[in-house]
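Asks: Pasting in a structure now, in structure tokens, and then I'll have a few things to ask.
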Amino acid sequence: MLNVVVLVSGGGTNLQAVIDAAEAGEIRNARISGVISNNRNAYALKRAEKHGIKNCCISPKDFASREDFNKSFLETVELFEPDLIVLAGFLVVIPPKMIEKYRNRIINIHPSLIPSFCGTGYYGLRVHEAALSRGVKVVGATVHFVDEGTDTGPIILQKAVEVERGDTPETLQRRVMEQAEWKILPQAIDLIANGKIKVENGRTVTELG
Ligand code: GRF
């Protein structure tokens, strides 16, 4: 059984998709052992609570320095003994020590088809604003392993979504979540929990089936 810890900052709809998939048996051989938020008011924490999942909050704001936070953050994550760390809309930079310790065991969901509209500054609605202003006709989402760069780690799964006439950043964001993010994040966890993803030379080899 893979122990999964989910890190969140906001509404937690991706967390909900993972909880629902796990409860429906669509994620096999994994359990969510904890949810950690950097934001005490994140609705994601209520979702964890509702499903009886242990949860806590740790914020850089409560520490004198980033170094102190990073140390305590790593200790907090370790309390849950994760085999896999899932970043589901987590807005805090992952400390290098954590990336090193959990190499190819931290995954992130990004709301674009990487390498488009990713990297520093591309988060939340900005991603969808940039896609609309470039006039692309297809957008999507990506689940990838986390390395030292921003959105640069090995890609696990991607799903495309069509841009529709009259889309606003808000409608596009919603459709990307519904049609892509909420599907590929649980699917990636299931693949990892069942030994179907290998990383070779910085790329993943996916064994679907
Ligand atoms: C999602 O769009 C995700 O792709 C991005 O942050 C957002 C989180 O939304 N990384 P939620 O908290 O899961 O509702």
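Asks: State, as an integer percentage, the relative contact order of the chain based on alpha-carbon contacts under 8 Å between residues 6 or more apart.
Replies: Taking the mean separation of contacting Cα pairs over the length of the chain, I get 21 percent.
Asks: In addition: Which is the longest stretch in the chain that no exposed loop site breaks, taking sites as GluC sites (Glu not before Pro) with a DSSP loop state and at most 15 other Cβ atoms within 10 Å?
Replies: 27-147
Asks: How tilted is helix 13-23 with respect to the longest principal axis of the chain? Cα atoms for both, answer in degrees (0 to 90, nearest 10).
Replies: 70
Asks: Next question, about the same structure. Treating only the Cβ atoms of Lys and Arg (+1) and Asp and Glu (-1) as charged, compute the dipole magnitude of the chain about its Cα centre; round to the nearest 20 debye.
Replies: 120
Asks: Students sometimes get this wrong: rank 168, 152 by accessible area, probe 1.4 Å, all chains present, largest first.
Replies: I get 152, 168, largest accessible area first.
Asks: Please give the helix 66-79 orientation as an angle from the longest Cα principal axis of the chain, in degrees from 0 to 90, rounded to the nearest 10.
Replies: It is inclined by approximately 80 degrees.
Asks: Could you provide, to the nearest whole Å², the per residue accessible area of the chain with probe 1.4 Å?
Replies: 51
Asks: Which order do 147, 62, 190 take by accessible area at a 1.4 Å probe, largest first?
Replies: Highest to lowest solvent-accessible surface, that is 62, 147, 190.
Asks: Most fluctuating residue of 157, 87, 74 in a GNM of the chain with Cα springs under 10 Å: which is it?
Replies: Of 157, 87, 74, the most mobile in the Gaussian network model is 74.
Asks: Here's a follow-up. Do you know the Lys pair count in the chain for C-alpha distances under 19 Å, with sequence separation 8 or more or different chains?
Replies: 9
Asks: Given q = 0.15 Å⁻¹, what are the Debye log10 I(q)/I(0) values for the chain, with equal point scatterers placed on the Cα positions and solvent ignored?
Replies: -0.94
Asks: Measure off, as a whole percent, the carbon and sulfur share of the 1.4 Å-probe accessible area of the chain, all protein chains present.
Replies: Ligands and nucleic acids excluded, carbon and sulfur reach 48 percent.
Asks: Between residue 162 and residue 20, how many nm apart are label points set 7 Å from Cα along the C-beta direction?
Replies: Going from the residue 162 label point to the residue 20 one covers 2.3 nm.
Asks: Next question. At what distance in nm do the modelled label points of residue 63 and residue 205 sit from each other, each positioned 7 Å from its Cα along Cα→Cβ?
Replies: Output for this residue pair reads 3.7 nm.
The values are calculated or read from the model by the stated rules, or taken from the named source; none is laboratory data. Remember, predicted model here, so these are calculated numbers, not experimental data. So basically every Cβ, Gly included, is an ideal-geometry build from the backbone, and we count neighbours across all protein chains shown. Note: areas computed on protein heavy atoms with side chains; ligands, DNA, RNA excluded. Shrake-Rupley method; radii C 1.70, N 1.55, O 1.52, S 1.80 Å.
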